1. Give me a count of the residues in the stretch B:69-111 that are in contact with a Ser or Thr (Cβ under 9 Å, 6 or more places away or on another chain) and under 29 Å from A:Asn55 (Cβ atoms).
2. Among the residues of the stretch A:140-159, count how many are in a loop (DSSP other than H, G, I, E, B), more than 10 Å from chain B (Cβ to nearest Cβ) and open to solvent by 40 Å² or more (accessible area, probe 1.4 Å).
3. What residue, among those in the stretch A:184-235 that are closer than 21 Å to B:Leu68 by Cβ and of a type in the set (S, T, N, Q), is nearest to the other protein chains (Cβ to nearest Cβ)?
4. Can you name every residue in the stretch A:181-235 that is open to solvent by less than 50 Å² (accessible area, probe 1.4 Å), assigned to a loop (DSSP other than H, G, I, E, B) and within 22 Å of A:Gly148 (Cα to Cα)?
5. Please state which of the following conditions A:Tyr85 fails to meet, knowing it meets all the rest: (1) within 17 Å of the chain's Cα centre (by Cα); (2) open to solvent by 20 Å² or more (accessible area, probe 1.4 Å).
6. Identify, from the list A:Ile90, A:Ile48, the residue that is within 14 Å of another protein chain (Cβ to nearest Cβ), closer than 26 Å to A:Ser160 by Cα and in contact with a Pro (Cβ under 9 Å, 6 or more places away or on another chain).
7. Out of curiosity, is A:Asp162 assigned to a loop (DSSP other than H, G, I, E, B) and either open to solvent by 30 Å² or more (accessible area, probe 1.4 Å) or not polar (S, T, N, Q) (or both)?
8. Since B:Gly8 meets every condition but one in (1) modelled with pLDDT under 90; (2) open to solvent by 70 Å² or more (accessible area, probe 1.4 Å); (3) at positive phi, which condition does it not meet?
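The values are calculated or read from the model by the stated rules, or taken from the named source; none is laboratory data. Note that the coordinates shown come from a computational prediction; the quantities given were computed from them, not determined experimentally. Note that we place each Cβ from the backbone using ideal geometry, even for glycine, and neighbour counts take in every protein chain shown. Side chains are part of the model used for accessible areas, which takes the heavy atoms of the whole protein and leaves out ligands, DNA and RNA. Shrake-Rupley method; radii C 1.70, N 1.55, O 1.52, S 1.80 Å.
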Amino acid sequence: MTNTDTDQQVVIPGDEITSFLQKGRNKIILGPGLRRVANKVYACNGGILRYRSPNTYWVDSHRKRYIPERNEMVIGIVVNKQGDYFKVDIGGSEPAILSYLAFEGATKKNRVKLEIGDLVYAKLLTATRDMEPELVCINAQGKSHVMGPLANDGYLFHCSIDLVRKMLNPKCPFDKIGDHFPYEIVIGMNGRIWLKTYTVKSTIALSKAILASEFLSFSEIQTMCDDLIKQYANS
Amino acid sequence: MIRSGKDGKKLSKHLLEMKFMKVSRDRIQEEEDEQNSQALFYNQISDALKSSSSKFIVEPSWVVCEGLKCGRRSYRGMNPVIEKIMEMDNQDQKVLTKVKEEDVDVTAEEMAVLYKQEATLIESTVRSCNKRTGSTLSPPSTKKKFLKPADD
C-alpha cells in the first residue's frame, strides 16, 4: 500500500501496521498510539492512522485523560506550596512540581508571587512514568516567552485533548475571529483553555464556539466563525 | 599516557603533560572514559537491541507529530506583550522559509530560461562557424602526435 492509503485507515489496539509504513532506509517517527516490538510496529490505541510528510505516523484517537509528555505546554493550577516548589495540578495522574526559581528573573530573594488556586502556563521539562512531572516557566534562554502566571480575570474551561489538538492545528480557521474580536487565549495540551475578553458576553460566546468545534470539520468551523462575526457586528 | 590522536598517531606522555596540551589531554581522557563505559555494558545489551538499532524514532507527543502551533495567542491589543512575541515568531518563520527558498542562487525556472538562451546561442555560433569553415560538426579525426622536446 502507498502512504496516501494510510489516511482513513482505522486501526484497533494490537493491529500490526508495519506494512503501511514507508519502505527504505529512512528513519520513521512513531507518534502516540504506535508501539514498536522488535522490527514490527503495532497500534496500541484505537483510531485513525495518520501520516505527515516526510516520515511521521501516529494514531488519531479520542482522548480525555491527559498523559504528560516532555516539552508540552500545559495550564496548571497551583494546589500547594512546598518549600522550594509549587505543586501544580496539570490533570495528569499526579501533580507536577514547579520550582520557584523556574520563572524569568526569579532569584532566591525575588520570588514570584503565586497563591494556591492561581493558574500558570508552563512547559513540561520532564515527564516520565516513574516520577512526578516537572514544569518550568522559562525557555532555554531563561526568558519567559509566552509562559508564566495567568491573570485572574480570565475564564478557564476544560475540554477533550482532541479539541485542543484541533484548535492548535495550523489549518484551524478559528484564529480568524481575532481579526474582529479582541481576545486572548491560552490553550494547554492538557485539555484546559483559558480565555480572556473585555465582556462576559463575548467570553461566553467564544467559549461556546470553541466547545462547539469539537465535532466540526475545519470548513464547518469556518462557517460557524463567519456567523459569529456577523452576529457580533450586528449586535 | 600515550593515546591515539585524530589521525591515528600517538602523542607522547611527556608532550601531553605540558601545560598547553590541556584541551587534548581532556579530550583523550573523555574518549578513554567512553571506551571504558562502552566495554563495561557491551555484553549486557542483547543481540536484538544491537541489530534492530533504530529505524524508528518514538515521539510520544502530538505537538511534534502534528506540528501544532503555540497555544498562547492574543488579538487586537488584548495583551500587547503576547502580540509582540507572536509577531516576532511569525517573522522568524518567514525568514526561515525565505532562507529555504533562497538557498539556491538560481531557481529552477531561471535555470531553464538560461539554458534555453544558452542553447540557441551555442547553436547559432556553431552554425556560423560551420558556414565559415565549411565543415560538419564532427570533431577533427587527426590524432596529434607527441612532439619530443629537443635536447639542449
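1. Qualifying residue count, the stretch B:69-111: 1.
2. Looking only at that region, the number is 4.
3. Step by step, filter the stretch A:184-235, then rank; the result is A:Asn190.
4. Across the stretch A:181-235, the qualifying residues are A:Pro182, A:Met189, A:Asn190, A:Gly191.
5. Result: A:Tyr85 passes all but (1).
6. Selected residue: A:Ile90, the only one of A:Ile90, A:Ile48 that is within 14 Å of another protein chain (Cβ to nearest Cβ), closer than 26 Å to A:Ser160 by Cα and in contact with a Pro (Cβ under 9 Å, 6 or more places away or on another chain).
7. no
8. In the conditions (1) modelled with pLDDT under 90; (2) open to solvent by 70 Å² or more (accessible area, probe 1.4 Å); (3) at positive phi, B:Gly8 misses (2) alone.
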